[in-house]
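Report on one structure; see the data block that follows.
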Amino acid sequence: MTNCGLSLISPSGGWVGTVAHIVAAEPGGPRGAGTMSAEDRRKGDNLILMCGTHGREVDDRDTGESEFPIDLLRTMKDTHEAKVVEAVAQAITYEATGVRTATSLLDTSFRSSTEAETAEGLAEMVYDYDASALVGGLAHARAVFQRLSQVGLDALAQILAVWQEHCYVATNGTYEFGDPSDRGPYVPLPKVGNRIGPHQEQEWWNAFAELENCSLLELNVDEDAQDYVFRDPWNVQEGRYACNFWISAAEFLYQAHGLLISEWARSLDFTVFDRPAHAGRSVPWR
């Protein structure tokens, strides 16, 4: 579970974790509908390790499916497993050589990602524009994201999470991300500054500099406001789109798939924009 941090081992060494199913073990369970076989439901790809508390929430029969849809759980699993693989590889290298090599200090590779091919899902919401134009914009955004280091990608997801926390929540409990034609989003400087941990200031400013150099984030300081401003990675001529990438993507991911943009950002799965909202979801653009 993102940002959980609880140990799965008790101080005495006992096991306190639990294994939840992404698609339920039984057809009647949370996320259990569909044709997946009983054998595939038991495979590791369909299992996700949780602390006891979050395992119960994920598998809750009343709210588990609505609060933890399949796409969200798979994104969380893939993100965490990628971090573990990277950490293990670095540990093996250090154990074998006794030296922290340049590859463990400097991350120069592209982020692994998938590419949007049709953007049919996003076009379902952004109905004023043809899907082929949206694919081009998503391709540019993907190229920018791929060039981020893991630290930069994590920082991007974290500041998106701060923005989400301060978005308006409607009376029915759903997020409202704002007007897609606006510039932004904006995150007030203090809302980020007071979350930087002790001795992490330099690490944050290094990550911010990377996001700024990639034209994803800028610091806007004037007499009236001090904000972090998300810059739009569509890379289209001004006025071509009446929709901001961040706000439009956040709205689509949440309304169509129950996925928060901060969770999605680490996954770099752009194929999600190809998938229309499930017929069972009550999306505002239908």
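The values are calculated or read from the model by the stated rules, or taken from the named source; none is laboratory data. Here the structure is a predicted model, which means the values were calculated and not measured. Positions of Cβ are backbone-derived with ideal geometry, glycine not excepted, and every protein chain shown enters the neighbour counts. These area figures cover heavy atoms from the full protein model, side chains too; ligands, DNA and RNA do not enter into them. Shrake-Rupley method; radii C 1.70, N 1.55, O 1.52, S 1.80 Å.
Go through the stretch 196-210 and give me each residue that's modelled with pLDDT of 85 or more and open to solvent by 80 Å² or more (accessible area, probe 1.4 Å). It would help to see each step written out before you state the result.
Within the stretch 196-210, the first condition is being modelled with pLDDT of 85 or more, and the residues that meet it are 196, 201-210.
Within the stretch 196-210, GLU201, GLN202, GLU203, TRP205, ASN206 meet the criteria.
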Filtering the stretch 211-235 down to residues that are among the charged types (D, E, K, R), open to solvent by 30 Å² or more (accessible area, probe 1.4 Å) and assigned to a strand (DSSP E or B) yields GLU218
Would you confirm whether or not the stretch 159-168 contains a residue that is loosely packed, with under 14 Cβ neighbours inside 10 Å and more than 19 Å from GLU263 (Cβ to Cβ)? yes
For SER267, only one of the following conditions fails: (1) of a type in the set (Ser, Thr, Tyr); (2) over 19 Å from the mean Cα position of the chain (by Cα); (3) within 19 Å of LEU138 (Cα to Cα). What is its number? (2)
Give the residues of the stretch 179-215 that are of a type in the set (S, T, N, Q) and either in contact with a Leu (Cβ under 6 Å, 6 or more places away or on another chain) or under 18 Å from GLY152 (Cα atoms) (or both), sorted by residue number. GLN200, GLN202, ASN206, ASN213, SER215
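Is one or more of the residues making up the stretch 55-67 modelled with pLDDT of 80 or more and under 17 Å from the mean Cα position of the chain (by Cα)?
Step one: list which residues in the stretch 55-67 are modelled with pLDDT of 80 or more, which gives 55-67.
With under 17 Å from the mean Cα position of the chain (by Cα) added as a condition, the list becomes 67.
Within the stretch 55-67 (the criterion being modelled with pLDDT of 80 or more and under 17 Å from the mean Cα position of the chain (by Cα)), the answer is yes, since at least one residue qualifies.
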Looking at (1) modelled with pLDDT under 90; (2) in contact with a strand residue (DSSP E or B) (Cβ under 6 Å, 6 or more places away or on another chain); (3) open to solvent by 40 Å² or more (accessible area, probe 1.4 Å), which is the one condition that is false for LEU47? (1)
Could you tell me whether ALA116 is open to solvent by less than 10 Å² (accessible area, probe 1.4 Å), aliphatic (A, V, I, L, M) and in contact (Cβ under 8 Å) with a residue 40 or more places away in the chain? yes
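Of the residues that sit in the stretch 263-286 and are part of a helix (DSSP H, G or I) and open to solvent by 10 Å² or more (accessible area, probe 1.4 Å), which one is nearest to PRO69 (Cα to Cα)? Quick ask: steps written out before the conclusion?
Taking the stretch 263-286 as the starting set, the residues that turn out to be part of a helix (DSSP H, G or I) are 263-267, 270-274.
Next cut, open to solvent by 10 Å² or more (accessible area, probe 1.4 Å) only: 263, 266-267, 271, 274.
Details: GLU263: 12, ARG266: 17, SER267: 15, THR271: 17, ASP274: 17 Å.
Among residues in the stretch 263-286 that are part of a helix (DSSP H, G or I) and open to solvent by 10 Å² or more (accessible area, probe 1.4 Å), the one nearest to PRO69 (Cα to Cα) is GLU263.
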Looking at this structure, is LEU134 closer than 26 Å to PRO276 by Cα, in a helix (DSSP H, G or I), modelled with pLDDT of 90 or more and open to solvent by less than 30 Å² (accessible area, probe 1.4 Å)? no
Residues of the stretch 64-86 being open to solvent by 50 Å² or more (accessible area, probe 1.4 Å) and over 19 Å from LEU268 (Cβ atoms), in sequence order, are GLU65, SER66, GLU67
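For the stretch 2-89, list the helices (runs of 4 or more DSSP H) that sit wholly inside it and hold at least 3 residues that are without any contact (Cβ under 8 Å) to a residue 24 or more places away in the chain; which are they?
Numbers: elements: 38-42, 52-58, 64-67.
Passing ranges, in order: 38-42.
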Among (1) over 16 Å from the mean Cα position of the chain (by Cα); (2) open to solvent by less than 20 Å² (accessible area, probe 1.4 Å); (3) of a type in the set (S, T, N, Q) - the single one THR171 does not satisfy: (2)
Restricting the first residue to the stretch 170-184 and requiring it to be on the phi > 0 side of the Ramachandran plot, which pairs with a second residue that is part of a loop (DSSP other than H, G, I, E, B) meet a Cβ separation below 7 Å and a spacing of at least six or different chains? GLY178/PRO185; GLY184/ASN244
Evaluate the following for SER104: is it open to solvent by less than 40 Å² (accessible area, probe 1.4 Å) and either assigned to a helix (DSSP H, G or I) or at pLDDT 80 or above (or both)? yes
So, in the stretch 183-210, how many residues would count as being within 21 Å of TRP234 (Cα to Cα) and either assigned to a loop (DSSP other than H, G, I, E, B) or in contact with a strand residue (DSSP E or B) (Cβ under 8 Å, 6 or more places away or on another chain) (or both)? 6
